[in-house]
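The values are calculated or read from the model by the stated rules, or taken from the named source; none is laboratory data. As the structure is a prediction and not an experimental result, all values here were calculated from the model. All Cβ positions, even for glycine, are placed from backbone atoms using ideal geometry, and neighbour counts span all protein chains on display. Just so you know, the surface numbers come from the protein's heavy atoms only, side chains and all, with ligands and any DNA or RNA stripped out. Shrake-Rupley method; radii C 1.70, N 1.55, O 1.52, S 1.80 Å.
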Amino acid sequence: MNASSDVHAQVLEWIRAKRDRQRMTREQLRKLMDLYARDQVPEYQMAAWTMAAFINGLDAEETLWLTQAMLESGSRVPETGSGKPRVDKHSTGGVGDKVSLVLAPLLAACGAEVPMISGRGLGFTGGTLDKLEAIPGLRTELSLDQIRRVLAETGCVIAAQSRELVPADRKLYALRDATATVESLPLIVASILSKKLAEGLQALVLDVKWGTGAFMQSLPQARRLARFLIQVAAECGLPASALVTSMNQPLGLKAGCSVEVIEAVETLRGQGPPDLVQLVLALGAEALVLARMEPDLPSAQARLKQAWQSGQGYEVFARMVRAQGGDLERPLPVAPVNQWCSPAEGYLVRIDTRLLGELIARLGGGRTRLGEPIDHSVGLEMRVRLGDRVRRGMPLVRVFAPPERFEQVVPELEKAFVLDEIPPAKVPLVTFVHRQEPSP
Ligand code: URA
């Protein structure tokens, strides 16, 4: 037997173990992730193991070990020597979620260092990297040395996982997307925390989304994920809080790559939609307090507002974009606009936000296969919010797309908006906050 058939036989055993609901050891998970990251495990075997883990689950200890194994598959973000506290936030994914583009530079303007390792679009959710790359010339595939330089120069960086940084997550993330194994609590926890631990953070704030446009559709499911994330983070020695927030409609008004960057820039320049501003301030304040940069949430909010209203946040963003090769002077590509109007009257009681995310992907703004190019120019702009009273013929959404592609998604638009005679109950944007128990 040669080395490669040994590996094949060993992985087969681990697939059987998970299929038969057996626990795996720390050493087995470490070996599996190491071999996979070094391209020693074929995708068909990894797909089978991932599905077995999805169906039968991993317990808390296995999830911790998987997180550490994924972290150890690569290097860490190098120190810059700035002495600033390192903080970050990560979202479980939604539609129109451009918080990272606004919050990373704002936190940097408040004196933190923000080494944000981000993802690409996954399923119906948009990816921060894809959005940023709508800016002409901007690169997110950076070497560790480039990451360190941008971070030292501007205080923040938004970059991709790579062959150096958490390579196991980079591969597994794409595999899960193609094998319907995204919505698994242990796999989400390990994926998010392995990336964040590689950043060498002092504080992490998590935005756990629930609702029609989130992986976790129900509030109890999202709260379970939030508790699981902060528990595993604590076991890894990382101070973390989780805000459970509503994703029952797109965040802000715009969704799609270019249009979200435009909305993020407008926000940094002082004109953002209220829900986006509220969430940026809530997550940012939590991060500043957790990193002990501010004593309490009101003073943290005041510091963030000062950085925002003075334009310092925008200046940091512009510097970061330049340092990553982007040119904010050149216009972002935006496709022609088409309007979709309401065929009926009533209160807007439900938005199928996932369907809107899928619709953007179908227009070309998302991937159905790994490595596919993305059309940054397509997207949408909401003209109504949940609870609004809608009249027949009133515009509900503007869709940025070539007209022939717009025609193809009209049937989805017809299903995405639900009207009723009775107004819906109001759902708070920040629905719960979960914090770690203070250490004794
Ligand atoms: N974000 C991640 O980084 N990983 C997941 O699995 C889901 C959301």
Considering only residues that are closer than 17 Å to Val77 by Cα and without any contact (Cβ under 8 Å) to a residue 24 or more places away in the chain, look in region 118-145 and name the one that is farthest from the ligand (Cβ to nearest atom). Ser143
Inspect all residues belonging to region 388-395 and state whether any of them is in a loop (DSSP other than H, G, I, E, B), closer than 18 Å to Thr212 by Cβ and not assigned by TED's automatic domain parsing to the domain that holds Leu225. yes
Residues satisfying the stated conditions in region 85-100, i.e. surrounded by 24 or more Cβ atoms within 10 Å (Cβ to Cβ) and away from the ligand (no atom under 16 Å from the Cβ): Val87
Restricting to region 81-115, and then to whatever is polar (S, T, N, Q) and not in a helix (DSSP H, G or I), can you tell me which residue is nearest to Gly155 (Cα to Cα)? Ser82
Hits in region 241-258 (condition: open to solvent by 10 Å² or more (accessible area, probe 1.4 Å) and under 21 Å from Ala226 (Cα atoms)): Ser246, Asn248, Gln249
Qualifying positions in region 101-117 - of a type in the set (Val, Ile, Thr) and either open to solvent by 10 Å² or more (accessible area, probe 1.4 Å) or away from the ligand (no atom under 12 Å from the Cβ) (or both): Val102, Val114
Of all the residues that make up region 229-275, how many are closer than 30 Å to Arg330 by Cα and assigned to a loop (DSSP other than H, G, I, E, B)? 10
Could you tell me whether any residue of region 338-349 is open to solvent by 50 Å² or more (accessible area, probe 1.4 Å), among the aliphatic types (A, V, I, L, M) and more than 22 Å from the chain's Cα centre (by Cα)? no
When you look at Pro333, is it touching a His at 6+ places or on another chain (Cβ under 7 Å), at pLDDT 95 or above and farther than 30 Å from Asp420 by Cβ, yes or no? yes
Quick one: would you say Thr212 is of a type in the set (Ser, Thr, Tyr) and touching a strand residue (DSSP E or B) at 6+ places or on another chain (Cβ under 9 Å)? yes
Can you spot a residue in region 215-231 that is modelled with pLDDT under 95, buried (at least 24 other Cβ atoms within 10 Å of the Cβ) and outside the structural domain of Arg30 (by TED's automatic domain parsing)? yes
Selection status of Ala168, small (Gly, Ala, Ser) and within 17 Å of Leu35 (Cα to Cα): yes
Among the residues of region 190-227, write down those that are in a loop (DSSP other than H, G, I, E, B) and farther than 15 Å from Pro250 by Cα. Ala198, Glu199, Gly200, Leu201, Gln202, Ser218
Given (1) surrounded by 24 or more Cβ atoms within 10 Å (Cβ to Cβ); (2) assigned to a loop (DSSP other than H, G, I, E, B), Val157 misses just (2)
The lone exception for Arg149 - which of (1) part of a helix (DSSP H, G or I); (2) of a type in the set (Lys, Arg); (3) in contact with a Lys or Arg (Cβ under 8 Å, 6 or more places away or on another chain) it fails: (3)
Are any of the residues in region 276-298 outside any loop (DSSP other than H, G, I, E, B), of a type in the set (D, E, K, R) and open to solvent by 50 Å² or more (accessible area, probe 1.4 Å)? no
Whichever residue in region 365-396 is of a type outside the set (Lys, Arg) and under 20 Å from Leu175 (Cα atoms) and, among such residues, is most open to solvent (accessible area, probe 1.4 Å): Leu370
Can you find a residue that is modelled with pLDDT under 95 and within 26 Å of Val289 (Cβ to Cβ) anywhere in region 150-159? no
Residue within region 152-162 that is assigned by TED's automatic domain parsing to the domain that holds Met320 and within 13 Å of the ligand (Cβ to nearest atom) present: yes
Considering region 259-275, residues that are among the hydrophobic types (A, V, I, L, M, F, W, C) and open to solvent by less than 10 Å² (accessible area, probe 1.4 Å), and then whichever is nearest to Leu132 (Cα to Cα), we arrive at Val261
Can you pull out every residue in region 163-203 that is surrounded by fewer than 22 Cβ atoms within 10 Å (Cβ to Cβ), within 12 Å of the ligand (Cβ to nearest atom) and of a type in the set (Asp, Glu)? Asp177, Glu183
